[in-house]
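The values are calculated or read from the model by the stated rules, or taken from the named source; none is laboratory data. Here the structure is a predicted model, which means the values were calculated and not measured. Backbone-built Cβ (ideal geometry, glycine too); neighbour counts: all protein chains shown.
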Amino acid sequence: MNQQPHRDEQFLAALSEAAVAAQREEIAFRDNVAREIEKRERARQYAYRRLSTAELMLAAARKSENEEMAVTAQTATLRAEFGWHGESDAHKRILGAWRPVALAVWAVVKPLPETTDEAEALPLPDITAALAEFERWYETQFGTNYLAILDQEKQEYPVVEF
C-alpha cells in the first residue's frame, strides 16, 4: 500500500510536466506569432509611408520648372513631412543624401523633349533603386529606417495673434 501513493504522484508529476511543457510551447508559439505580426505590421506601415512620401515628392516636382527648383521643392516637402523646423548637421546630411532620389523623381516628371527620338532615347531613372540606396545609407548612418522618423507625433503650435 505504501507504493500506491508514490506511483500516483509519479503519474501526476509526469502529467504536470507535460502540461507545463505544453504551456511553454503555447507561450513560445504565441510570442513568435506576435513578433511575426509586429514585423509584418511594420513592413505595411513603411510601405504606405514610402508610397505617401513618393506621392508628395512627385507632386512637389511636378510644380517645378527645372531641376534645382524640383530638388528644392522636394527637400522642403520632406522637411515639412518630417516636422523639421530648424537646421542641424544631421538634417543637412540626410537631405544631401536624399538629393539622388529627388533627381530621379525630377527625371521622371520633367517635360519630355520636343522630338520623339530624343524622348525615346532617354533612359527612365529608377526611383525605387535611388530610394533603396538612400534607405541603405540612412540605416547604416543611424541604425534605423528613415521612415521611423514619422513615428514621432508632430508638435502642434498654437496660433498666436499679436
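Structure values in brief
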{"item": "Tally, over the stretch 88-102, of residues that are crowded, with 18+ Cβ neighbours inside 10 Å and under 15 Å from residue 64 (Cβ atoms)", "result": "2"}
{"item": "Tally, over the stretch 113-140, of residues that are at pLDDT below 75 and either under 16 Å from residue 46 (Cβ atoms) or part of a loop (DSSP other than H, G, I, E, B) (or both)", "result": "5"}
{"item": "Among the candidates 84, 98, residue that is in a loop (DSSP other than H, G, I, E, B) and either aromatic (Phe, Trp, Tyr) or under 18 Å from residue 145 (Cα atoms) (or both)", "result": "84"}
{"item": "Extreme residue, surrounded by the most Cβ atoms within 10 Å (Cβ to Cβ), among residues of the stretch 141-153 that are outside any helix (DSSP H, G or I) and at negative phi", "result": "145"}
{"item": "Selection within the stretch 68-88 - among the acidic types (Asp, Glu) and at pLDDT 95 or above", "result": "68"}
